[in-house]
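Here is the structure we will look at.
The values are calculated or read from the model by the stated rules, or taken from the named source; none is laboratory data. Since the structure is predicted, the reported quantities are computational estimates derived from the model, not experimental observations. So basically every Cβ, Gly included, is an ideal-geometry build from the backbone, and we count neighbours across all protein chains shown.
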Amino acid sequence: MAGFTDATRVRPDGAGGFDAELDPLWTVGGKPNGGYLLAILARAAVEAAGTHPDPLSASAVYLSPPDPGPAAVSVEVLRTGRSASQIRARLSQKDRTCVEALFTLGALAAAGEPRWVDAAPPPVAAEQDLFPTPAQAPGTGLRIDMLEQFEQRIDWQAVGDPAGELRGWLRLPDGATWDPVSLLFAADAFPPATFTLGSNGWTPTLELTVYVRALPAAGPLRVRQRARLLTEHLVDQVCEIWDSQDRVVVQATQLAAYRMATP
């Protein structure tokens, strides 16, 4: 099992950039997950900045899906301030740009009571009452290797109520604690919400924006993923994540392509 920290590690290349090894165990259909790639870029951004340890926001565009194996990360420090730094990072493979992202880095505190929040955590069946999602669901023909590296439990009784929404839990193995970088992955770790509306599951991310709001308490993450608008070929969906103390720790929006299942 490739732990998340090891699977997202970057190494200075001696020329101002970083080398990364894209792990085949953190893939969907053989291609690295988008949140996993964003976490690799965040590792490089934090190391390049040197002053601010946590990603506060990340916005990535996905240009070309890389393959597992060696990749290069280039980093440009746009600004370094007292409370925040802004960094641009780019992941390339075989002279092809695959992902480009902008980060705002800072220092996060543990989640406290918010002054105001527009929604309470949604009801979800107890974690122990739900089954882990298998890496290859029967009849799908798609293998999701990353599901053997963490626990994803979907509340299937709540699927489609309301329509276009999924709820459930995420947990890292062996009691590992979620941190700001792994939360970037969590924001893209759930199935697409279009699944509840009849899509065939193919939902490549075009753009992903994540806000990391606080350091999470130990334990599982409660996740709600919902589609907001489907046009002919595109969907925008929102992912909201609460820690084990019911505090908001992640908010994310992504634009993705989708296909409806053939009748």
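Points worth noting:
- Those residues of the stretch 129-169 which are polar (S, T, N, Q) and either crowded, with 16+ Cβ neighbours inside 10 Å or not assigned by TED's automatic domain parsing to the domain that holds T194 (or both), in sequence order: T133, Q149, Q152
- Taking the listed residues L108, L102, the one that is in a strand (DSSP E or B) and either among the aromatic types (F, W, Y) or more than 23 Å from G69 (Cα to Cα) (or both) is L102, with no other qualifying.
- Only residues that are closer than 15 Å to Y211 by Cα and polar (S, T, N, Q) were counted in the stretch 86-106, giving 2.
- The single condition among (1) surrounded by fewer than 13 Cβ atoms within 10 Å (Cβ to Cβ); (2) touching a residue at least 24 places away in the same chain (Cβ under 8 Å) that A126 does not meet is (2).
- In the set T194, T133, T177, T209, only one residue is touching a Phe, Trp or Tyr at 6+ places or on another chain (Cβ under 9 Å) and among the polar types (S, T, N, Q); that residue is T194.
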